[in-house]
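Here is the structure we will look at, set down as C-alpha cells.
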Amino acid sequence: MIDSPLSVPSGAPPSAGPQSTAVLPVSPRAGRLLVLVAVFVSAACGLVYELELVAIASYLIGNSVTQASVVLSVMVFAMGVGSLLAKHLRCRAAAAFGAVEAALALVGGCSALVLYAGFVWGASTRLLLVVFSLAIGVLIGAEVPLLMTLIQRIRRQDAGGAVADLFAADYVGALVGGLAFPFLLLPLLGQLTGALLTGAVNAIAGGTLVLWLFRHDLSARARRRLLAVNLAVLVLLATLAAGVGDFERAARYAVYGADVRVALQTDVQEIVLTGGAHRPATDLDLYVNGRLRVSGRDEHRYHEALVHPAMRGPHARVLILGGGDGLAAREVLRHPGVDRVDVVAPDEELADLARTDPALSALNGHAYDDPRLQAVHADAFQWLREERTGGASRPYDVVIADLPDPGVTESAKLYSREFFGLAARALAPAGRLAVHAGATAEPRAFWTVDASVRAARLRTVPYSAERRSARAGAGRARAPRDWGFLLAARTPPELGLDARPGRRSLTPAMLRDGARAIERTRVPGLPPSTLVRPRYGEAATPGG
C-alpha cells in the first residue's frame, strides 16, 4: 500500500518524526528508486575506500594479508559503532545523511593522499591506517539506518522487505565498486586521483538526494549550509586532484632525492630510476615499490654471488626467474658455452626499460640485445607450472631464482615448497638451482627458504655475500644487511667458482667465508613454507 504524500505548507519546518511521509518532487515509486540508486552509489564508493586503504597500506607497509586484516576488522567494527550512533539521528534523517555523505566524501577521498604523505614525511602510517579505517567505517555504518528511515518515509513497507531492497542495492553497488577499483580506477587514474574522484562522486550523490529529493525535510537555512558544505568538499577534492602531479613530484623528491629520471606505474609495480644520466652507470639506483632493488654501486656483489657458483658445470641452457633488470643475465652471458637464456619476469615495462634506458642498459651490459636471451613476461610460478606440464620442454642446466625477499607477502608463493618442486622439475639431472633467499639479518626467513628447497628433494649449500650499500630505499638509511643465497641440486652441490676471469669482486675465499658466516645463523627445525601455510614474516627490503 502506497501512502499519499502529506501536504506541507511552503516554508514549514520539516517533520521531526521518521514515520511521517515525505513531500517529494517525484512520485513515491521514483523516489524509492532514487534512494536505492543512492544506496548503490554509496556502497560502491565505500568499497573503493576500503580497497584503496588495503592497496596503499600493502604498498607502503608491506604484507598485504596483515594490512587487509587490519583494515577489514577495524572497519567492520567501526560500521557497527556507526550504526548505533545513527539511531540518534533518525529524527533528522535527511540532514544527517547529507552530512554523513559530505564527511565520508572528504575523509575517504583524501585518505590515500594523507596516508602517502604520512609515509613520505615521517608520520606513523600504521596509526593513520587505523584512524582512517575507523572514521570511514563509522560513516559507512551510519548510512544504512539513515537510508532505511528515508525509504520508509517515502512508502511504508514491512521491515523485511525494506531491508531486502536496501541490501540488494548495497551488495550490487559493492560489486561494481570492487570491480571498478582494480580494473578502472587504479590503472587509469592511480590511487590518489582515483580516491579523490570517488569522494566527489560520493558527495554529488549524497548531496543530490538530500538537497533535491528530500529538500522539504530541511529548512532553508539547513539547505544553504549543506549546499555550502558539499560545494566546499567538491572544491577541495578538485583542487587536490589538480595538484596530484605536483604532490607526487614533491613526494618523490622527498623519498628518492632530486635525481629521479624515470617514474613508472606499471600494471605490476612502481618503478623509479635515479642517477646515472650524466654520470657512470654505477651511480644508478632502481627502486621497485619504494624499496631499493638495484644499487649500481654494489649490485655486482649480489649478482656475481647469485649466478657464478651455479654456473660451475654444464650451463648451455639457463633459466632466470625474475631478473627483469637484465643484471643476472649479464653475468650468465659472460660464461662461454651458454646457448640460451630464458628470462621469465612479470613486468614487460621493466624489461623495456632495461633494454632502452641508457644507464640501465649500460649497467646490464646490453644483455637484452644478445640473441641468446629470450624474454617471457609471465608470473614465474604459473609459467613453470604450465611450461613443465607433461615434461615437453627441454630441461635447464641452471635455474636462477632472482626474486624479491621471501618476506614480501606477494612473493611468498615463489618461496614455497611447491614452487621449488616445479623448479626442480625444470632442472636437468645434473642441473643446479641458485636462490636468492633473503637477508642474513632475518635468519628465520632464510632458513625457512632452505627447508622449503630441501622439502622439494634438493640438497642445499647456504652462503652469503657482503652488502656494502647502506641505503635501503624510501629515502631511509640503515646498516647494511648481507645477502643470503642457496645453491641446490639433486646431489650435494659443491660451492665454488670456475677459473674464468672477469668477476669484479667474488673469489673462492669470499664464498667460503660467506658459507661459514651464514652457518652461524642457522635456525634448526623450521618447517617448509607451502602455498596453504606460508611461513614468512613481515616484508623486508628486496635484494639485488
remark   = What the Cα atoms of the range 137-212 span along the principal axes, largest first and in whole Å, is 43, 25, 22
ask   = Spin-label point model (7 Å from Cα, Cβ direction): what's the A499 to A238 distance in nm?
value = 7.6
request  = Figure the gain on full extension for L84 and Y253 (residue separation times 0.36 nm, minus the Cα-Cα span) and round it to one decimal in nm.
outcome  = 56.4 nm
remark   = With +1 at each Lys and Arg Cβ and -1 at each Asp and Glu Cβ, the charge dipole magnitude of the range 284-341 around its Cα centre, to the nearest 20 debye, comes out at 120
query = Based on DSSP H assignment, which helices of the chain show an axial Cα extent of at least 20 Å together with a mean Kyte-Doolittle hydropathy greater than or equal to 0.5?
reply = 28-61, 64-86, 93-120, 125-154, 159-180, 186-208, 220-242
ask   = Which value results when the Cα radius of gyration for the range 352-437 is divided by 2.2 N^0.38 Å?
value = 1.22
Mean separation of Cα contacts under 8 Å, 6 or more apart, over the residue count of the range 22-145: relative contact order % = 39
note = Taking placed amide H atoms and a strict 5 Å upper bound, the residues 5 or more places from I400 or on another chain that come that close are L319, I320, L321, A434
inquiry  = If packing is taken as the average count of other Cβ atoms within 10 Å, what order do 33-44, 355-366 fall into, highest mean first?
reply    = 33-44, 355-366
task = At 0.36 nm per residue, minus the direct Cα-Cα distance, what do A378 and L175 gain on full extension? Give it in nm, one decimal, please.
result = 70.3 nm
ask   = Among bridges DSSP assigns within the chain, what percent are antiparallel (round to 5)?
value = 55
key: Extension gain from V523 to V76, taking 0.36 nm per residue of separation minus the Cα-Cα distance   = 157.0 nm
inquiry  = Applying a 10 Å radius around every beta-carbon, put 367-374, 424-431, 394-401 in order of their mean neighbour count, most first.
reply    = 394-401, 424-431, 367-374
task = Just the number, please: Stokes-Einstein D of the chain in µm²/s, Kirkwood Rh from C-alpha pairs, 37 °C, 0.692 mPa s.
result = 126
ask   = Toward the positive end of the charge dipole of the chain, about the Cα centre and with charges on Cβ (Lys, Arg +1; Asp, Glu -1), which of G243, A30, T448 goes farthest?
value = T448
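Only the coordinates and a few stated rules stand behind these numbers; no lab work does. The shown structure was predicted, so the numbers you read here are calculated from the model rather than taken from an experiment. A quick note on method: Cβ atoms are made from the backbone with ideal geometry, for glycine too, and the neighbour counts reach across all protein chains shown.
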